[in-house]
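The structure under discussion appears below in the form of structure tokens.
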Amino acid sequence: MALPKEKARYTFADYLTWDENERIEIIGGEAFLMAAPSSKHQEISMEISRQLANFLVGKPCRVYPAPFNVRLFEKDGDAPEDVDTVVEPDISVICDRSKIDARGCKGAPDLIVEILSPSSLRNDRLVKLRLYQRAGVREYWIADPENKTVQVFLLNSNGILYLHEDYGQEDVAKVNVLDGCFIELDKVFSE
């Protein structure tokens, strides 16, 4: 839900002044209030994060579950008032440690997972897909609790995120950006 426009353009500088307990994203200068996730959403997020974290022990990549700020288009030297896009993916995997700072991630994560909820369907499937594509996210997963599926999008050489694979509850999903990593979806959608 878009917040009332008190300003023509919100930035990361505004974001830093807001209550930490509120979940708000800024996309292209417009602020959006995020609903609290359901218990099912959190169970799915925890299980995917757990499997990723277990795989990444001793490896350079890191997994960050929400809340975790990702400033997709921030460049070196940008001030907070220059950054007009801050998102909070459900799960982010970042392999370039130079992108991680005290405030989250500066630039595109290698993998982003979004878990659908009734209020986020359009946003995750359209708005964020285009946003992550433009930012250069290499792999984007959309987990659907209702249908117990995961759609995997990969960034091709033309900079387009295309549907690479559609997995069901009984499948083992390959994480393409992490060589040798697989997610057991029967554990993700265990109920």
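The values are calculated or read from the model by the stated rules, or taken from the named source; none is laboratory data. Model, not experiment: these values are computed from the prediction. Glycine gets a Cβ as well: all are built from the backbone with ideal geometry, and neighbour counts include every protein chain shown.
The sole residue among Asp186, Asp171, Asp179 that is over 18 Å from Pro65 (Cβ atoms) and out of contact with any Asp or Glu (no Cβ under 9 Å at 6 or more places or on another chain) is Asp179. The number of residues in the stretch 145-179 being small (Gly, Ala, Ser) and part of a strand (DSSP E or B) comes to 1.
The set of residues in the stretch 103-144 being assigned to a loop (DSSP other than H, G, I, E, B), more than 16 Å from Tyr64 (Cβ to Cβ) and at pLDDT below 95 consists of Leu116, Ser117, Pro118, Ser119, Ser120.
One residue alone among Lys75, Lys99 is surrounded by fewer than 21 Cβ atoms within 10 Å (Cβ to Cβ), in contact with a strand residue (DSSP E or B) (Cβ under 6 Å, 6 or more places away or on another chain) and not hydrophobic (A, V, I, L, M, F, W, C), and that residue is Lys99.
Among the residues of the stretch 24-60, which ones are out of contact with any strand residue (DSSP E or B) (no Cβ under 8 Å at 6 or more places or on another chain) and among the aliphatic types (A, V, I, L, M)? Even if it seems obvious, please write down each step before you answer.
Of the stretch 24-60, the ones out of contact with any strand residue (DSSP E or B) (no Cβ under 8 Å at 6 or more places or on another chain) are 28-29, 35-36, 38-40, 42-43, 47, 50, 54, 57-60.
Matches in the stretch 24-60: Ala35, Ala36, Val57.
Looking at Lys128, Lys106, Lys148, which is the one that is at positive phi and surrounded by 13 or more Cβ atoms within 10 Å (Cβ to Cβ)? Before you say what the answer is, go through the steps one by one.
Numbers: Lys128 fails: at positive phi; Lys106 fails: at positive phi.
Answer to the check: Lys148.
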